[in-house]
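**Student:** Structure provided below as structure tokens; questions to follow.
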Amino acid sequence: MKKVGIVVLCLVLFLGFQGMAAAKTLKIGTLSPLTGPYAQDGTDILQGVKTAVAVYGQLKGFDKVEVYPGDSACDGGKATMAANKLINSGVNVVIGAYCSSATEPAQIPLMDAGIVQITPASTAERLSAKGYKYFFRMPPRDDVQAWSTVQFLEKKMKAKTLALIDDKQTYTAGLTANITKYAKESGKVKIVAHEYITPGDSDFTAVLTKLKRVNPDVIYMGVYQPEGSKMIQQARKLGMESDFVSEDAVFHPKFLEIAGPAAEGVYLTFAQAPDTPERRQFIKTYKAMWKAKAVGSYAYYAYDAGMMALAAIEKAGTAQADTLQKTLRGNTWSGVTGGIKFDSHGDRKLAHIVWLVKDNQFVPYWNPCLLYTSDAADDFAVV
């Protein structure tokens with residue numbers, strides 16, 4: 001009897017260990033600034049991914065899904081360290097980073113490790129020009145956003161003169177360089193000044209005073225939030241008459257909250273937001289999960305990146321990078337930011353529209369693609 005009992009016990013233990021060995025955990029890493037001036041956007045990205053994991057539910061082939069946060073701090077060195085830490089943690093896929101200057105150095109270790117990387121925010125063109133087959137991005141590139149901006153200046157605003165401001169970071173410098181390129185090609189808008197600020201600055205009086213003397217039709221704020229809200233507040237106090245146009249890094253509820261009445265009348269470029277039941281449900285779920293008053297702009301892209309990654313892994317039957325990247329590239333996905341289809345470079349066919357701050361809300365204002373049937377508009381078509 002003793003022998004039988006021992007055999008049964010051993011069998012139970014063996015089966016138990018087999019069950020433990022069979023347990024599989026999918027590890028999703030995130031890269032975003034969780035510290036520093038852009039921590040709000042970074043937190044939005046992390047929470048967007050965690051919301052996707054919660055909403056998606058049980059993933060076929062895996063017992064659970066875990067999210068591993070990495071703090072890129074919008075710094076190249078810190079982003080590389082965070083990427084390597086995620087690699088050592090055994091993550092299967094990484095969603096991030098936020099700043100292009102952090103995403104670019106993180107690409108190298110992730111590519112070498114054979115890990116798929118999906119950025120929900122970085123827009124510098126060169127990120128997808130290196131032939132990294134595991135790299136994908138959710139928002140449109142800098143050149144697409146710059147094209148939409150110049151079209152708006154010329155066709156809608158009828159602007160003749162333009163002043164540029166940027167902080168010399170990869171993202172902002174890329175935007176102003178592309179705006180300069182498109183403006184010079186058309187010759188309809190003359191760039192009369194280009195001023196620079198330092199990331200993290202809070203006093204822009206000197207730069208704005210200089211531009212007030214120039215008095216261009218439009219001033220372009222190529223900055224991040226929170227610099228955007230502080231800059232427009234100071235511009236209004238100076239009584240500047242120029243119109244202000246900005247971009248997707250300033251397109252955040254915090255801009256409205258901090259700038260207050262000073263934000264009224266500011267134009268910004270950001271991708272079109274389809275009003276669908278899925279998007280409305282996401283907003284409701286996100287607000288409930290995180291006790292948030294509003295959803296940060298990049299939370300939408302991060303949520304779609306998370307949902308798409310999970311669906312692709314389930315469809316592929318594996319998180320192995322070669323199979324996963326082929327599945328991501330070879331299918332059309334649906335998300336709260338619209339249809340998602342990647343080209344051979346990992347870029348998404350998606351364009352920006354122009355939004356206007358009206359009554360303390362972002363309101364869709366103008367879509368450049370509706371003016372065209374040309375190849376250029378087709379290339380940047382809103383999905």
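The values are calculated or read from the model by the stated rules, or taken from the named source; none is laboratory data. Keep in mind that what you see is a predicted model, and the values were worked out from it rather than measured. Heads up, the Cβs are rebuilt from the backbone with ideal geometry, glycines too, and the neighbour counts pull from every protein chain shown.
**Student:** Only one residue in Pro139, Pro105 is touching an Asp or Glu at 6+ places or on another chain (Cβ under 7 Å), farther than 29 Å from Arg236 by Cα and of a type outside the set (S, T, N, Q), so which one is that?
**Tutor:** So the residue among Pro139, Pro105 that is touching an Asp or Glu at 6+ places or on another chain (Cβ under 7 Å), farther than 29 Å from Arg236 by Cα and of a type outside the set (S, T, N, Q) is Pro139.
**Student:** Scan the range 186-208 and give yes if some residue there is at pLDDT 95 or above, under 18 Å from Phe270 (Cα atoms) and within 24 Å of the chain's Cα centre (by Cα), otherwise no.
**Tutor:** Looking through the range 186-208, none of the residues is at pLDDT 95 or above, under 18 Å from Phe270 (Cα atoms) and within 24 Å of the chain's Cα centre (by Cα).
**Student:** Give me a count of the residues in the range 185-223 that are in contact (Cβ under 8 Å) with a residue 60 or more places away in the chain and not in a loop (DSSP other than H, G, I, E, B).
**Tutor:** Final tally of qualifying residues: 2.
**Student:** Considering only the range 338-362, how many residues are at pLDDT 95 or above and either of a type in the set (A, V, I, L, M) or buried (at least 20 other Cβ atoms within 10 Å of the Cβ) (or both)?
**Tutor:** Qualifying residue count for the region: 9.
Each row is one residue, and each column tells you yes or no for (1) surrounded by fewer than 24 Cβ atoms within 10 Å (Cβ to Cβ); (2) farther than 20 Å from Asp41 by Cα; (3) in contact with a helix residue (DSSP H, G or I) (Cβ under 6 Å, 6 or more places away or on another chain).
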position: Lys78; (1), (2), (3): yes, no, no
position: Ala82; (1), (2), (3): no, no, no
position: Gly131; (1), (2), (3): yes, yes, no
position: Ala159; (1), (2), (3): yes, yes, yes
position: Lys168; (1), (2), (3): yes, no, no
position: Tyr171; (1), (2), (3): no, no, yes
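**Student:** Sort out which residues of the range 349-374 are farther than 26 Å from Ala294 by Cα and either under 17 Å from the mean Cα position of the chain (by Cα) or assigned to a loop (DSSP other than H, G, I, E, B) (or both), and write them in order of number.
**Tutor:** Passing the criteria: Lys349, Tyr372, Thr373, Ser374.
**Student:** In the range 227-281, how many are part of a helix (DSSP H, G or I) and closer than 21 Å to Ser202 by Cβ?
**Tutor:** Going through the range 227-281 one residue at a time, the tally reaches 22.
**Student:** Still on this model: Hey, which of the helices (runs of 4 or more DSSP H) in the range 67-171, taking only ones fully inside, have at least 1 residues that are more than 28 Å from Tyr196 (Cα to Cα)?
**Tutor:** Correct list: 76-88, 100-113.
**Student:** Could you list all residues from the range 307-318 that are in contact with a Lys or Arg (Cβ under 9 Å, 6 or more places away or on another chain) and part of a loop (DSSP other than H, G, I, E, B)?
**Tutor:** Gly317
**Student:** Tell me which residues, restricted to the range 287-306, are farther than 17 Å from Pro274 by Cα and assigned to a helix (DSSP H, G or I).
**Tutor:** The answer is Lys287, Ala288, Met289, Trp290, Gly306.
**Student:** Of the residues in the range 204-228, how many are small (Gly, Ala, Ser) and surrounded by 19 or more Cβ atoms within 10 Å (Cβ to Cβ)?
**Tutor:** Matching residues across the range 204-228 total 2.
**Student:** Within the range 252-280, count every residue that is within 23 Å of Ala52 (Cα to Cα) and surrounded by 23 or more Cβ atoms within 10 Å (Cβ to Cβ).
**Tutor:** 3
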